[in-house]
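A.B. asks: Before anything else, here's the structure in question.
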Amino acid sequence: MPVTNGGTSGESAGLGGFRPYLVLVPLTLLFALVNTMSAWEDRDGWPFWLPILTEFSSAVSILCLCWIPAWALGRAPLVPPWGWALALHLPAALLFSLLHSVGMALLRNGTALLLDLDYRFNLSASVLIYEGRKDVMSYLLICCIFLLFGHGRGARAFQSTPQVAAAVTVPVSAPPPAAQLDIRDGARLLRVAVAEIVAVRSAGNYAEFLLTDGRRPLMRATLTQLTEELSAHGLLRTHRSWLIHQIHVRGLEPEGSGDYEITLSDGTKAPLSRRFPDALECLRKATVSG
């Protein structure tokens, strides 16, 4: 069954894979080379090695920190609601800028010490502010490159192959053909195959069954009782008011803060709450095994 998502199963940690670096590495080094050549043309008494040291130390530091925006995209995809994305990407960008400046300082001063060069880079508040303005643009550019490869455009927890937001097949074993359930709807007794149950939702003191043929019978029962009876046949408790059948899941979309919206085979939308991590883990394992 197709599940909408945005990365590979091996990239669930949100680091985006290696393919974006095939663009990031040459692009960053090209920028460093162009800036070095420009500095050579404009230098006024500077030693020739100074632009090389300053530009390439910055480039190396940036490349070592590309995992920060990739990690942030993996946990806060650029999809609504935007508050969660902003809450994570803003501190991530500040951390990226701080570590970039620290990395530059260590590389520059370490190289100068190693090669006995007459140079000292002092890290100050003014330097951090100056570099921070540029680093915000670098952070956004890196995010854009990861997005071009599909990382950060889908669900945070469900991943597909390869590194492109696409549908992924979640293999789930079908329930035994003989599995049936008796639903007492008022004076009627309906015997239905478990495979025909799309979902069950709470309706006050009753449980409403959503069947594949469109019927909606009611039975006086709690979801807790039905969960114990039907969990062995592929139904998952995804919310305090919902049971869903895995074989009828057609899509998952992030709702923010760890919650998801499930699309079922009959078009019904059901919630997947972060308060039911077992259901999330069950679908995640099914995704990885596929």
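The values are calculated or read from the model by the stated rules, or taken from the named source; none is laboratory data. It should be emphasised that the depicted structure is a prediction, and the values quoted were computed from it without experimental measurement. Here the Cβ is made from the backbone with ideal geometry for all residues, glycine too, and neighbour counts use every protein chain on show.
A.B. asks: Which members of region 26-60 meet the condition of being touching a residue at least 40 places away in the same chain (Cβ under 8 Å) and either of a type in the set (Lys, Arg) or touching a Ser or Thr at 6+ places or on another chain (Cβ under 8 Å) (or both)?
C.D. replies: Residues satisfying the conditions are 53, 57.
A.B. asks: What pairs come up if the first residue lies in region 114-126 and is closer than 15 Å to residue 99 by Cα, the second is among the hydroxyl-bearing types (Ser, Thr, Tyr) and surrounded by 10 or more Cβ atoms within 10 Å (Cβ to Cβ), and their beta carbons are under 7 Å apart, counting only those six or more places apart or on different chains?
C.D. replies: 123/101
A.B. asks: Quick check on this structure: which one of 65, 95, 117 is assigned by TED's automatic domain parsing to the domain that holds residue 49 and either modelled with pLDDT under 90 or under 14 Å from the mean Cα position of the chain (by Cα) (or both)?
C.D. replies: Values: 65 fails: either modelled with pLDDT under 90 or under 14 Å from the mean Cα position of the chain (by Cα) (or both); 95 fails: either modelled with pLDDT under 90 or under 14 Å from the mean Cα position of the chain (by Cα) (or both).
Testing whether each residue is assigned by TED's automatic domain parsing to the domain that holds residue 49 and either modelled with pLDDT under 90 or under 14 Å from the mean Cα position of the chain (by Cα) (or both) leaves just 117.
A.B. asks: Now for a separate question. Looking for whichever is surrounded by 14 or more Cβ atoms within 10 Å (Cβ to Cβ), assigned to a helix (DSSP H, G or I) and modelled with pLDDT of 90 or more here; the options are 103, 110, 132. Which one fits?
C.D. replies: 103
A.B. asks: If you scan region 245-272, which residues turn out to be closer than 26 Å to residue 82 by Cβ, surrounded by fewer than 18 Cβ atoms within 10 Å (Cβ to Cβ) and of a type in the set (S, T, N, Q)?
C.D. replies: 257 - this is the single residue of region 245-272 that is closer than 26 Å to residue 82 by Cβ, surrounded by fewer than 18 Cβ atoms within 10 Å (Cβ to Cβ) and of a type in the set (S, T, N, Q).
A.B. asks: Picking from 210, 226, which residue would you name as being at pLDDT 95 or above and either under 18 Å from residue 270 (Cα atoms) or assigned to a helix (DSSP H, G or I) (or both)?
C.D. replies: Just one listed residue meets the conditions, 210.
A.B. asks: Further question on the same structure: Are there any strands (runs of 3 or more DSSP E) wholly within region 238-290 with 3 or more residues that are at pLDDT below 85, and if so which?
C.D. replies: The strands (runs of 3 or more DSSP E) meeting that bar are 249-256.
A.B. asks: Here's a follow-up. Within the bounds of region 47-56, is there any residue that is aromatic (Phe, Trp, Tyr), at negative phi and at pLDDT 90 or above? Steps first, answer last, please.
C.D. replies: Start the filter on region 47-56 by keeping residues that are aromatic (Phe, Trp, Tyr), which leaves 48-49, 56.
Cutting the leftovers down to at negative phi gives us 48-49, 56.
Within this subset, residues satisfying the condition of being at pLDDT 90 or above are 56.
Among the residues of region 47-56, at least one is aromatic (Phe, Trp, Tyr), at negative phi and at pLDDT 90 or above, which makes the answer yes.
A.B. asks: Looking only at residues that are more than 27 Å from residue 208 (Cβ to Cβ) and crowded, with 18+ Cβ neighbours inside 10 Å in region 159-185, which one is modelled with the highest pLDDT?
C.D. replies: 168
A.B. asks: Ok, one more. Do we have residue 220 as among the charged types (D, E, K, R), out of contact with any strand residue (DSSP E or B) (no Cβ under 7 Å at 6 or more places or on another chain) and touching a residue at least 12 places away in the same chain (Cβ under 8 Å) here? Break it down into steps so the answer makes sense when it comes.
C.D. replies: On the way: among the charged types (D, E, K, R): yes; out of contact with any strand residue (DSSP E or B) (no Cβ under 7 Å at 6 or more places or on another chain): no; touching a residue at least 12 places away in the same chain (Cβ under 8 Å): yes.
It is false that residue 220 is among the charged types (D, E, K, R), out of contact with any strand residue (DSSP E or B) (no Cβ under 7 Å at 6 or more places or on another chain) and touching a residue at least 12 places away in the same chain (Cβ under 8 Å).
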